[in-house]
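As structure tokens, the structure follows; a few thoughts come after it.
Bear in mind these aren't lab numbers, they're just calculated from the coordinates by the rules spelled out. No experiment lies behind these values; they were computed from the predicted model shown. Backbone-built Cβ (ideal geometry, glycine too); neighbour counts: all protein chains shown.
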Amino acid sequence: MFKGNALVIGASGGIGSELVSQLIQSNLYHQVHAVSRTLPSEPLREVCYHKVDSEDEGNIASLCQSLRAQNIQFTLAISCIGALHGVNDEHPVTPEKRLEDINSRNLDFYFATNAIIPAIWLKNVERLLKGKQAAKLVFLSARVGSINDNELGGWYGYRASKAALNMLIKTAQVELKRRAKNVTLVSYHPGTVDTNLSKPFQSNVPQGKLFTADFTVSQLLNMLLDLTTEDAPHYLDWQGKTISW
Ligand SMILES: NC(=O)c1ccc[n+]([C@@H]2O[C@H](COP(=O)([O-])OP(=O)(O)OC[C@H]3O[C@@H](n4cnc5c(N)ncnc54)[C@H](OP(=O)(O)O)[C@@H]3O)[C@@H](O)[C@H]2O)c1
């Protein structure tokens, strides 16, 4: 049986690190490559780790060129890069509750992390996926990036940057249908997952709706088995249900 390679980008986070473990356990891939800014303190023997600072486009390009030069072909790439809170320029960033909370420093942070860095990966990784074998390129997005679904408001920067990511995915699929027909793009909403990203907001989550990374990753990997380029790009939640863009 043919085995492609799998690539996890943003492999240090709660969902990313679980993805790396489950991809290894699945035994469906020849090699699993993991990209992150910091390497794990307890690396898995079977994983090919790459330490990359994605804020510099040149670093992304050189890793992808090097993988290509080694003829490493991927059939799956998943980007888990994203942020809902953090620090920018030594200032804390938290999601905006009202218009007065909007400022350019925070918007820079949200757009850089949730849309611009993923877009640079999208551009560079396409060459590693394009080929004869069916390949999937998944971005961890969020339901709040849906323009149609926005009833609650708030979280201006995070919402808008995930909506921008979704638009990048939709636009890229139009082009890939011409030049990389084997590549299916997916925007995935993992549900609310118990990771650093959701920690400050978990008190509002209804009982039974805070998922483990283990759960959402196995849901994702199962649903990927059946997805095709037909009707792509797919915008799916953890149940496999389509979200309206
Ligand atoms: N957890 C949830 O409830 C939830 C809900 C909806 C959507 N999501 C999405 O799921 C994805 C994974 O989130 P998670 O829950 O696993 O959060 P997490 O544990 O905080 O992981 C986020 C990942 O993004 C990376 N990252 C952040 N800023 C970066 C930057 N500037 N450059 C490079 N890497 C950067 C982090 O790397 P470092 O470790 O180096 O910081 C980490 O690997 C995100 O896109 C998030 O928006 C999560």
### Query
Tell me, Ser36, Ser218 in order of fewest to most beta-carbon neighbours within 10 Å?
Ser218, Ser36
### Message
Kirkwood hydrodynamic radius, computed over distinct alpha-carbon pairs, for segment 165-245: how many Å, to one decimal?
### Response
14.0
### Task
Can you list which of the chymotrypsin sites (Phe, Trp or Tyr not before Pro) found in segment 1-71 are DSSP loop residues with at most 12 other C-beta atoms within 10 Å?
Phe2
### Query
What helices does the chain hold that run 15 Å or longer along their axis, going by alpha-carbon atoms, with a Kyte-Doolittle average of 0.0 or more, using DSSP H for the helix calls?
14-26, 57-69, 117-129, 213-224
#### Entry: Residues Tyr235, Tyr156, Tyr188, Tyr110 arranged by fewest to most Cβ contacts within 10 Å
Tyr156, Tyr235, Tyr188, Tyr110
### Computed P(r) (all Cα pairs; segment 4-237; 5 Å bins; percent)
1, 6, 14, 19, 21, 18, 11, 6, 3, 0, 0
### Where labels lie 7 Å past Cα in the beta-carbon direction, separation of Leu210 and Thr228 in nm
4.1
### Summary
Ranked from fewest to most other Cβ atoms within 10 Å of their own Cβ, Lys97, Lys162, Lys130, Lys177 fall in the order Lys97, Lys177, Lys130, Lys162
## Note on the structure
Interchain or sequence-distant (5+) residues whose placed amide H lies within less than 5 Å of the amide H of Gly131 are Asn182
### Message
So if I take the centroid of the Cα atoms in segment 43-67 and the same for segment 180-245, what is the distance between those two points in Å?
### Response
24
### Message
List the residues, sorted by chain then number, that are 5 or more residues from Leu76 or on another chain and whose placed amide H is less than 5 Å from its amide H.
### Response
Asn5, Leu7, Lys136
## Note on the structure
By the C-alpha gyration tensor axes a ≥ b ≥ c (rounded if a/c is under 1.5, else prolate when a/b exceeds b/c, else oblate), the shape of segment 10-61 is prolate
### Query
Looking at segment 123-190, which GluC sites (Glu not before Pro) are DSSP coil and have at most 16 other C-beta atoms within 10 Å of their C-beta?
Glu151
## Note on the structure
For segment 1-85 the GluC sites (Glu not before Pro) that pass both the DSSP coil test and the at-most-16 other-Cβ-within-10 Å test are Glu46, Glu55
### Phi to ³J(HN,Hα) by Karplus 6.51 cos²θ - 1.76 cosθ + 1.60 over segment 140-151, Hz, x for Gly, Pro
6, 10, 6, 4, 5, x, 6, 6, 5, 8, 7, 9
#### Entry: Restraint check, Lys3/Lys177; Lys130/Lys209; Lys51/Lys177; Lys170/Lys199, Cα-Cα greater than 28 Å
Lys130/Lys209; Lys51/Lys177; Lys170/Lys199
#### Entry: For the chain, calculated [θ]222 nm from helices alone, where every DSSP H run of n ≥ 4 adds -39500 (n - 2.57)
-11000 deg cm²/dmol
### Task
Using only alpha carbon pairs under 8 Å that are at least six residues apart, calculate the relative contact order of the chain and give it in whole percent.
18
